[in-house]
Every structure is written in structure tokens, then in C-alpha cells.
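One structure is given here, and the rest of the page talks about it.
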Amino acid sequence: MTVRPIRIYGDPVLRTPADPVTDFDAALRSLVRDLEDTVREPGRAGVAGPQIGVSLRVFSYNVAGQVGHMVNPVLSGFEGEQVDDEGCLSVPGLAYATTRAAKVTATGFDQHGEPLVIHGTGFLARALQHETDHLDGRLYIDTLTGDVRRQALRELRRVMPR
């Protein structure tokens, strides 16, 4: 079991769009194992490649006891809206009300290159959107607006090392 350290806000890998996976090989399977081992730690709902320093479009999730992964995800079928507090392992200790779609479909591949479709609602939909944002070089704080965004940025300056 390999639990990889999480990269923290300020690390450039978190702001760089990840590269598509092109080789579905032993190295990818090892990465998926590490992501799934890392997401199994208590209190974790998802971990994306960039969060462990690997700039590839792959993430793992752990929602309602179900652990899985997706390679090269594309989101579609956004429906409805949900607002709930959202946090991030890469922005530790902070959480803010974040708007996400209530339903979403993620289409991609498993670690063997087989097509994979996940229809997410509620918390799973939130996790799929959050982790795909990581693959695009975005953090949840980038989705915040108005006073909530200003508060988050103030808190980040206060608590994050320079």
C-alpha cells in the first residue's frame, strides 16, 4: 500500500493542466493503485494525479465506501444545482459554500483502457467535478464568487506558507 503525499496550494503542478493519458500500461496501473490507496485515507473523497505531483489526467474517488478511478474524464450532462461546503486536500483546513451541478456524467476509461461511464448525483457529482477541475489546473476556490471568494483569498493569505 502506497499513500502518496498531497501537494499543497502554491505548488505549480496544481495550476498546470494535466496531460492526457496515452499509455495504458503497468506505470498507469501503478499510479491508479497509488491514487486509490491515497484516497482510502480517512476523510478523503477524491485525489487527482496533480495532487500527488503527477501531471496526468487520472483521478480516484471514495464516495459512500465505493473506491474507483477514471482516466481522461470528460464531463457532460450537467443538471440542476447544489450548494454545499467544499474543501480540498490541497487547500487544507478551509471549506466554503461551493456551487456545483447536482447531476453530471463522466466519460473516460479505466486503467486498462476500457470505456467507463459514471453517472453521478449529489456528492458523487460534486467529487467528479472537483477532481476533473484539478486535471484542468483549477481549484475549487477558483469557482467561488463575491464575498465568499474574497473571504477565501484572505484566509489563504493568512494560513498558507509563502
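The values are calculated or read from the model by the stated rules, or taken from the named source; none is laboratory data. Here the structure is a predicted model, which means the values were calculated and not measured. Heads up, the Cβs are rebuilt from the backbone with ideal geometry, glycines too, and the neighbour counts pull from every protein chain shown. SASA here: full protein model, heavy atoms, side chains in, ligands and nucleic acids out. Shrake-Rupley method; radii C 1.70, N 1.55, O 1.52, S 1.80 Å.
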If you take every DSSP beta bridge fully contained in the chain, what fraction is antiparallel? Give it as a percent rounded to 5.
95
With a cut-off of 8 Å between alpha carbons and a minimum separation of six or more residues, what is the relative contact order of the chain in percent?
23
Exposure ranking of 1, 70 by accessible area [1.4 Å probe, largest first]:
1, 70
Can you give me the C-alpha center-to-center distance between the range 95-110 and the range 135-162, rounded to a whole angstrom?
19
So if each residue of separation counts as 0.36 nm, and I subtract the Cα-Cα distance between residue 138 and residue 155, what length gain in nm does that give?
4.3 nm
Fluctuation leader among 98, 132, 22 - the chain, Gaussian network, Cα springs under 10 angstrom
22
The range 48-131: GluC sites (Glu not before Pro) falling in loop per DSSP and having at most 11 other Cβ within 10 Å
81
Is the shape of the range 83-162 rounded, prolate or oblate, going by the alpha carbon gyration tensor and its root eigenvalues a ≥ b ≥ c, with a/c under 1.5 for rounded and a/b larger than b/c for prolate?
prolate
Classified through the alpha carbon gyration tensor (a ≥ b ≥ c as square roots of its eigenvalues; rounded if a/c is under 1.5, else prolate when a/b is larger than b/c, else oblate), the range 4-91 comes out rounded
Prolate/oblate/rounded label for the chain (Cα gyration tensor, a/c 1.5)
oblate
So if each residue of separation counts as 0.36 nm, and I subtract the Cα-Cα distance between residue 37 and residue 85, what length gain in nm does that give?
14.8 nm
GNM of the chain, Cα pairs under 10 angstrom: of 151, 111, 51, the biggest fluctuation goes to 151
